[in-house]
Amino acid sequence: MILDITKYGHPVLRQKGEHIKSITPEIKKLAADMLETMHANKGVGLAAQQIGRAMQLTVLDVRDAKDRPSWMEVHVERVDVNDYMPLILINPEIKPFGDVVTGGEGCLSFPEMFGEIPRPESSEVTALNEKGKAITFRCGGLLSRAIQHEIDHLNGILFIDRMDKATKEELRPQLDELQTATKAELQKKK
């Protein structure tokens, strides 16, 4: 089922996600719905906060991003990223490493807004998958950037928080308009 994307201005986007204690059928269904929602919206990642749930769950799929390559290592072996997509990460922990590189990012919670965001080029990730199995891998390129972006969401951090001041000021009119519209929509639902 395709879910509604939570937009900037909704307080859930600033909430740190709750640790998931057990992987229930509800969690598995939510992850499947999040993947469907992400694909329908042509995204490469989606965090639970972006569908209104403050929990430590994110989904990713970088297969369609041919212009922005990714790499992945599992047990110190380089693997084909496509063999591991889509990724469902529950209670993920990340250790970014490597040089900080600036790259373009967008966000489904900020339609049509983009910015150049500095992030370490690689990451080591530990999480549970949808089967409750512990997974650990290293990655780089778009996959690392997307995972860092989504884990920020799980901690209530938004990509606008990592933008330089000039870019954020350039986007200010759009940000204010989106935030006002989101808050008005929330008021209607009360």
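The values are calculated or read from the model by the stated rules, or taken from the named source; none is laboratory data. The model shown is predicted, which means the values in this text are computed figures rather than measured ones. Note: ideal-geometry Cβ built from the backbone for every residue, glycine included; neighbour counts use all protein chains shown.
Looking at the range 4-29, which of its residues are surrounded by fewer than 21 Cβ atoms within 10 Å (Cβ to Cβ), part of a helix (DSSP H, G or I) and under 15 Å from the mean Cα position of the chain (by Cα)?
Within the range 4-29, 12, 14 qualify.
Could you run through the range 40-94 and say how many residues are more than 12 Å from the chain's Cα centre (by Cα), part of a strand (DSSP E or B) and under 16 Å from residue 149 (Cβ atoms)?
Looking only at that region, the number is 3.
Working only within the range 115-138, note down all residues that are of a type outside the set (S, T, N, Q) and more than 16 Å from residue 148 (Cα to Cα).
128, 130, 131, 132, 133, 134, 135
Do we find a residue being closer than 26 Å to residue 165 by Cα, modelled with pLDDT under 95 and either buried (at least 21 other Cβ atoms within 10 Å of the Cβ) or among the basic types (Lys, Arg) (or both) anywhere in the range 104-113?
No, because not a single residue in the range 104-113 is closer than 26 Å to residue 165 by Cα, modelled with pLDDT under 95 and either buried (at least 21 other Cβ atoms within 10 Å of the Cβ) or among the basic types (Lys, Arg) (or both).
Cβ-Cβ under 8 Å, sequence separation 6+ or interchain: first residue in the range 119-139 and closer than 19 Å to residue 70 by Cα, partner of a type in the set (Val, Ile, Thr) and not in a strand (DSSP E or B). Which pairs?
As it stands, the answer is 123/147; 125/147; 139/81; 139/147, since those pairs meet every condition given.
Scan the range 7-54 for residues that are over 17 Å from residue 107 (Cβ atoms), β-branched (Val, Ile, Thr) and in contact (Cβ under 8 Å) with a residue 60 or more places away in the chain and jot them down.
Scanning the range 7-54 gives 20, 23, 27.
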